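These notes concern the structure reproduced below.
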Amino acid sequence: MSSEPSIFFSDVNERQGSFLRRTLVLGGLTTLGVTALVGRLMQLQVIQAREYATLANANQFNFRLVPPPRGLIKDRNGVVIAGNRPSFRVLVVRDETKDLDQTLDLLGRLLPDTLDRRRAIIRDVNAAPRFSPVPVKSDLTWEEFARVNLYANELPGVMADMNEARYYPFGGAFAHVVGYVAKPNDRDVQAYRDRGEQPPSILFNPGFRVGRQGVEKALDEDLRGEAGGNRVEVDARGRVVGEDVGGSKPAVHGDEVILTLDADIQNRALEVFGEESGGCVVMDVRNGDVLCMVSAPSFDPNLFVGGVPSKIYRALADYERKPLLDKAIYGAFPPGSTFKMTTALAFLEAGINPAERVVCTGGYRYGNRTFRCWRRGGHGAMDMHNAIKNSCDTYFYHLCNRAGVDRISRVAEDLGFNQTYDIGIGGQSKGLMPTTEWVKKARPRDPKWHPGETLSVAIGQGATLTTALQLAVMTSRLANGRKAITPRLIKSVGGVERPQPESRKDLPFSQEHLDIVRAGMAAVANDRSGTAYRASQLGLGDIQMAGKTGTAQSRDYGSGSRGPRDAVWTRRDHALFVAFAPHDAPRYAIALIIQHAPAGGAADAAPRAREIMKVALLKDPDMRARIERPLPPEAEGPVEAGEGEAGNIGGLVDSAAPPAPSTAAPAAPATPSGPQPYLPETPQ
């Protein structure tokens, strides 16, 4: 028996209810979606319309930083010594080139010297932000600039424009004191991060430069100014299609810096050095203003602005006379006999009578060693005045231990040695003044100061080291006679006057003692038997200098006293000269050091210092008025040649004055034990 299938029919009302429920759900969801969409559109188009319009503009327009013009650096008379000049340059935009290597190949045909820097160019281009133009070569000639523009259509991503480049019109004259600018490097970026600061965006701009060395480095933040920017319109790929001039921001020029230097004196100083190596500082003894601070040999800072070729830099760095080293403030040298004024003041402070005489027979026997005077035959009986005038070593050997090395060192510090100065730039050497405490740290195996060592210190040898700046400070303080003058290099920044770095203290010396020392310096330059008489005659009316020569041993010559004058450069002695003028109303002081000089202080340093001093005096209106006064009748009589007179070196000494023959002769070598003493044989 089979069962029949059953057919069931659902209720009509039930089917209709199910449809209505689905309709209501879908309709509700649709309504919610439409409502949300309308609300969102209202939020975007009405409530946040301005915000998104700004974002859209940001996508359409880019703000590209423009390096600011660097502030000018001028001398005391307003002469520009570091400025800016127009410069044609060629740039490459990596993202607009089809093939960078091919583009550089084509560019190398137009500018062959870019082939030598190809690797550096590729490195700079790859490190630059997208669509950022990278300088390939600066300082194009007009012909090169025109050639690049002529073939611009065949060089996609290459453009040529004009910008401002740093320029040093006097070349090497101010290279060390002013410094130079160069591209920022990783150390510059890291320096900001080490201070917990975010490196400024302009630091990554390929055309931006930062200060290196000297004033450019010390006042870099002031000289930079504020970066500007061009608001440019870009397409979807980031390429520039237009510029919004109204939205651009002009760059703010850096602050102007005025230095106390004088361009004429600075240029003359570098000129008189010629091929010699050394440093020179000229100061105003009334207020400490530095009129000259030069180091020789020098270099052209313009080479470093666009990136100095490695071959040139290597040649500068490897040259034995070290043109990259600032010998005016960093190079430390034995002061030689220019230190004898310091020793003389220490004698006076110790109560030694300046009239006390010491008989110089050409040397001084101390223990089992003989310390020789530079004059082999001796000077005879010498008091303090004549010992300074004739630079008698024996006088200072004989009396120095009655004053002691600690007293000499203290007087030296009062005169400006063994310290650095806040002149606005770093890199100064402190020098060295030995004391009984110093030797305990410097020589732990032999911590006792031996009295025989004081003999070398007394004549500016031994462990004593100084800089040209410290010697200029010493001379300025002796010339001023009242205040402990401190040097000032930066006169104003941004129109704001820079004060002296510290209050000027009174010198702790009596006027009577200072007068004795100054009288000895005046005799050096103006007494016919003074060691620098011929080399110190200015020929400027009645204006005369007071000075002191020095010849400092640069190395231990063993049993001999010095290397021959025609020896290799590194075996020669250093030549020094310090002076102030006018000696009756001091205004300017000078200190000059020649490293490994051909002869000595009287023959090499004094004539050059005289020529520099003449420029300083001639530029002073008061001095010119004094020079133009009629001279009194000159006393007649034969000129007696004195020991140590300068010869005609480099045409700097009057041709009317014949060079004096050298009276120095080799002496029998001593056979000392222990450290070798200084045994000079040449005029000091």
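Considering only residues that are open to solvent by 10 Å² or more (accessible area, probe 1.4 Å) and farther than 25 Å from PRO621 by Cα, which ones fall in region 575-593?
Across region 575-593, there are no qualifying residues.
How many of the residues making up region 527-546 are closer than 24 Å to PRO621 by Cα and of a type outside the set (Asp, Glu)?
Filtering region 527-546 down to residues closer than 24 Å to PRO621 by Cα leaves 536-546.
When the remaining residues are screened for being of a type outside the set (Asp, Glu), the result is 536-541, 543-546.
Counting residues in region 527-546 that are closer than 24 Å to PRO621 by Cα and of a type outside the set (Asp, Glu) gives 10.
Go through region 146-162 and give me each residue that's open to solvent by 70 Å² or more (accessible area, probe 1.4 Å) and part of a helix (DSSP H, G or I).
At the first step, the residues of region 146-162 found to be open to solvent by 70 Å² or more (accessible area, probe 1.4 Å) are 147, 149-151, 153-154, 159, 162.
Result: ARG147, ASN149, LEU150, ASN153, GLU154.
Can you tell which of ARG166, ARG193, ARG212 is in contact with a Phe, Trp or Tyr (Cβ under 6 Å, 6 or more places away or on another chain) and either over 16 Å from GLY307 (Cα atoms) or modelled with pLDDT of 85 or more (or both)?
The unique qualifying residue is ARG212.
Criterion first (part of a strand (DSSP E or B), open to solvent by 10 Å² or more (accessible area, probe 1.4 Å), within 28 Å of ILE423 (Cα to Cα) and not polar (S, T, N, Q)) does ARG193 satisfy it?
So ARG193 does not fit the description; no.
Per-residue answers, yes or no, for (1) free of Cβ contacts under 8 Å to residues at least 24 places away in the same chain; (2) of a type in the set (A, V, I, L, M); (3) in a strand (DSSP E or B):
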position	(1), (2), (3)
ILE593	no, yes, yes
PRO598	no, no, no
ILE612	no, yes, no
VAL615	no, yes, no
ARG624	yes, no, no
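For region 431-463, how many residues meet the condition of being in contact (Cβ under 8 Å) with a residue 60 or more places away in the chain and more than 18 Å from TYR366 (Cβ to Cβ)?
2
Does GLY378 meet the test of being surrounded by 18 or more Cβ atoms within 10 Å (Cβ to Cβ) and at pLDDT below 95?
On the way: surrounded by 18 or more Cβ atoms within 10 Å (Cβ to Cβ): no; at pLDDT below 95: yes.
For GLY378, the condition - surrounded by 18 or more Cβ atoms within 10 Å (Cβ to Cβ) and at pLDDT below 95 - is not met.
For the subset of region 490-505 comprising residues that are surrounded by 15 or more Cβ atoms within 10 Å (Cβ to Cβ) and part of a loop (DSSP other than H, G, I, E, B), which member is modelled with the highest pLDDT?
Looking at the filtered set, the residue picked out is ARG498.
Can you find a residue that is touching a Ser or Thr at 6+ places or on another chain (Cβ under 6 Å) and either of a type in the set (S, T, N, Q) or open to solvent by less than 50 Å² (accessible area, probe 1.4 Å) (or both) anywhere in region 526-533?
Going residue by residue through region 526-533, those that are touching a Ser or Thr at 6+ places or on another chain (Cβ under 6 Å) are 531-532.
With the extra rule that they be either of a type in the set (S, T, N, Q) or open to solvent by less than 50 Å² (accessible area, probe 1.4 Å) (or both), the set shrinks to 531-532.
Among the residues of region 526-533, at least one is touching a Ser or Thr at 6+ places or on another chain (Cβ under 6 Å) and either of a type in the set (S, T, N, Q) or open to solvent by less than 50 Å² (accessible area, probe 1.4 Å) (or both), which makes the answer yes.
When region 575-591 is examined, which residues are found to be part of a loop (DSSP other than H, G, I, E, B) and not basic (Lys, Arg)?
Those that are part of a loop (DSSP other than H, G, I, E, B) and not basic (Lys, Arg): PRO582, HIS583, ASP584, ALA585, PRO586.
Name the single residue, out of those in region 84-102 being in contact with a Leu (Cβ under 9 Å, 6 or more places away or on another chain) and open to solvent by less than 10 Å² (accessible area, probe 1.4 Å), that is nearest to MET162 (Cα to Cα).
Among residues in region 84-102 that are in contact with a Leu (Cβ under 9 Å, 6 or more places away or on another chain) and open to solvent by less than 10 Å² (accessible area, probe 1.4 Å), the one nearest to MET162 (Cα to Cα) is SER87.
I'm told GLU143 meets every condition in (1) over 34 Å from the mean Cα position of the chain (by Cα); (2) open to solvent by less than 20 Å² (accessible area, probe 1.4 Å); (3) not polar (S, T, N, Q) except one. Can you identify the failing condition by its number?
Only one criterion in (1) over 34 Å from the mean Cα position of the chain (by Cα); (2) open to solvent by less than 20 Å² (accessible area, probe 1.4 Å); (3) not polar (S, T, N, Q) is unmet by GLU143, namely (2).
Out of all the residues in region 381-426, which are open to solvent by 50 Å² or more (accessible area, probe 1.4 Å) and out of contact with any strand residue (DSSP E or B) (no Cβ under 7 Å at 6 or more places or on another chain)?
HIS385, ASN401, ARG402, ASP406, ARG407, ARG410, GLU413, GLN419, THR420, ASP422, GLY426
Given the criterion within 30 Å of GLU275 (Cβ to Cβ) and free of Cβ contacts under 8 Å to residues at least 40 places away in the same chain, identify the matching residue among LYS340, LYS311.
After applying the criteria, what remains is LYS311.
Output the qualifying pairs, or none if there are none: Cβ atoms under 8 angstrom, residues six or more apart or on different chains, first residue in region 314-331 and in contact (Cβ under 8 Å) with a residue 24 or more places away in the chain, second residue among the aromatic types (Phe, Trp, Tyr).
Correct list of pairs: GLU320/TRP569; ARG321/TRP569; PRO323/PHE299; LEU324/PHE299.
Are any of the residues in region 342-349 open to solvent by 40 Å² or more (accessible area, probe 1.4 Å) and within 26 Å of THR466 (Cβ to Cβ)? Even if it seems obvious, please write down each step before you answer.
Taking region 342-349 and keeping what is open to solvent by 40 Å² or more (accessible area, probe 1.4 Å), we get 349.
Next, from what is left, pick out any that are within 26 Å of THR466 (Cβ to Cβ): 349.
Yes.
Would you tally the residues in region 118-132 being in contact with a Lys or Arg (Cβ under 9 Å, 6 or more places away or on another chain) and either open to solvent by 30 Å² or more (accessible area, probe 1.4 Å) or of a type outside the set (A, V, I, L, M, F, W, C) (or both)?
Number satisfying all stated conditions: 4.
Any idea which residue in region 166-190 is farthest from ARG89 (Cα to Cα), counting only those that are in a helix (DSSP H, G or I) and β-branched (Val, Ile, Thr)? Before you say what the answer is, go through the steps one by one.
Applying the first criterion (in a helix (DSSP H, G or I)) to region 166-190 yields 171-178, 186-190.
Narrowing the set further to residues that are β-branched (Val, Ile, Thr) leaves 177-178, 189.
Working: VAL177: 28, VAL178: 25, VAL189: 25 Å.
Across region 166-190, the extreme among qualifying residues is VAL177.
Kindly provide the set of residues from region 22-49 that are outside any helix (DSSP H, G or I) and modelled with pLDDT of 80 or more, ordered by number.
Here is the first cut: in region 22-49, the ones outside any helix (DSSP H, G or I) are 48.
Hits for region 22-49: nothing passes.
Criterion first (at pLDDT 95 or above, touching a Ser or Thr at 6+ places or on another chain (Cβ under 9 Å), small (Gly, Ala, Ser) and closer than 22 Å to ALA589 by Cα) does ALA412 satisfy it? Full working, then the answer.
Values: at pLDDT 95 or above: yes; touching a Ser or Thr at 6+ places or on another chain (Cβ under 9 Å): yes; small (Gly, Ala, Ser): yes; closer than 22 Å to ALA589 by Cα: yes.
Here the answer is yes, as ALA412 does meet what is asked.
Against the condition within 30 Å of the chain's Cα centre (by Cα), open to solvent by less than 10 Å² (accessible area, probe 1.4 Å) and closer than 19 Å to PHE577 by Cα, how does THR475 come out, does it pass?
yes
The values are calculated or read from the model by the stated rules, or taken from the named source; none is laboratory data. Worth saying up front: this structure is predicted, and the values here are computed from it rather than measured. Cβ coordinates were reconstructed from backbone atoms using ideal geometry, including for glycine residues, and neighbour counts include every protein chain displayed. In case anyone asks, the SASA skips ligands and DNA or RNA and just uses the protein heavy atoms, side chains included. Shrake-Rupley method; radii C 1.70, N 1.55, O 1.52, S 1.80 Å.
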